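Read through the structure below, which is laid out as C-alpha cells, and then see the notes.
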Amino acid sequence: MTYAAALAGLEGLVLVVGGIWMLVAGVTGHDGDRRTGVTGGITVLVLALLPLLAARGLLLRRGWSRGPAVITQIMALPVAYNLLRSDGVAIPAGIVLAAVAVTSLVLLVNPETTRALGIKGPGRGGESGQR
C-alpha cells in the first residue's frame with residue numbers, strides 16, 4: 001500500500017509541475033494562446049488534487065482513498081496510450097505512465113491492500129446483510 005501511495009503521490013507531483021509549467025507558459029504568452037495556457041494550467045493543478053489526496057489517504061489507511069487512486073490510474077491509461085501513439089520524446093513518457101498506472105492498479109486491488117484499508121467485499125458488511 002505504501003508503494004501505491006508513493007506512485008499516486010508521484011503522479012500528483014508530476015501533474016503539479018505540468019500545471020505550473022502550462023500556467024507560466026500561458027501567462028508569459030509562450031504557448032501562443034494565453035487563455036488556453038492559463039485555463040489548461042489551472043485545470044491540471046486542480047486535477048493534481050485527486051492523486052495527492054488519494055496518496056495521503058492511502059498512507060493514513062483510509063478506506064475511501066482507494067477509489068480516487070483507482071480512478072486516477074484509469075484516467076492515466078488513455079493518456080499513456082495517446083503518448084505511445086505520438087512520435088519523439090513522448091513515447092518514453094507514455095511507457096513510464098503506462099507502467100506506473102498498471103503497477104498502481106495491481107497494488108490497489110491486492111487483497112493485502114483491501115484488508116489494510118478495512119474494505120469489505122459485497123455481502124460482508126455485517127448485520128445488514130444477515131437474516
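The values are calculated or read from the model by the stated rules, or taken from the named source; none is laboratory data. Keep in mind it's a predicted model, so treat the numbers as computed, not measured. For accessibility, only protein heavy atoms count, side chains too; no ligands or nucleic acids. Shrake-Rupley method; radii C 1.70, N 1.55, O 1.52, S 1.80 Å.
Side notes on the structure shown:
- Surface composition of the chain: carbon plus sulfur atoms contribute 68% of the solvent-accessible area (1.4 Å probe, protein chains only, all chains present).
- Folded to 0 to 90 degrees: helix 90-109 orientation relative to the chain principal axis, Cα: 10
- Axis of helix 2-28 versus longest Cα principal axis of the chain: the two differ by about 20°, to the nearest ten degrees.
- Its Kirkwood hydrodynamic radius, worked out from the mean inverse distance over all distinct Cα pairs, puts the range 1-56 at 11.4 Å.
- Helix 34-59 axis, angle to the chain major axis (alpha carbon atoms, nearest 10°): 30
- Average accessible area per residue (Å²) across the range 66-114 - probe 1.4 Å, nucleic acids and ligands excluded: 57
- Kirkwood hydrodynamic radius of the chain, Cα pairs, Å: 16.1
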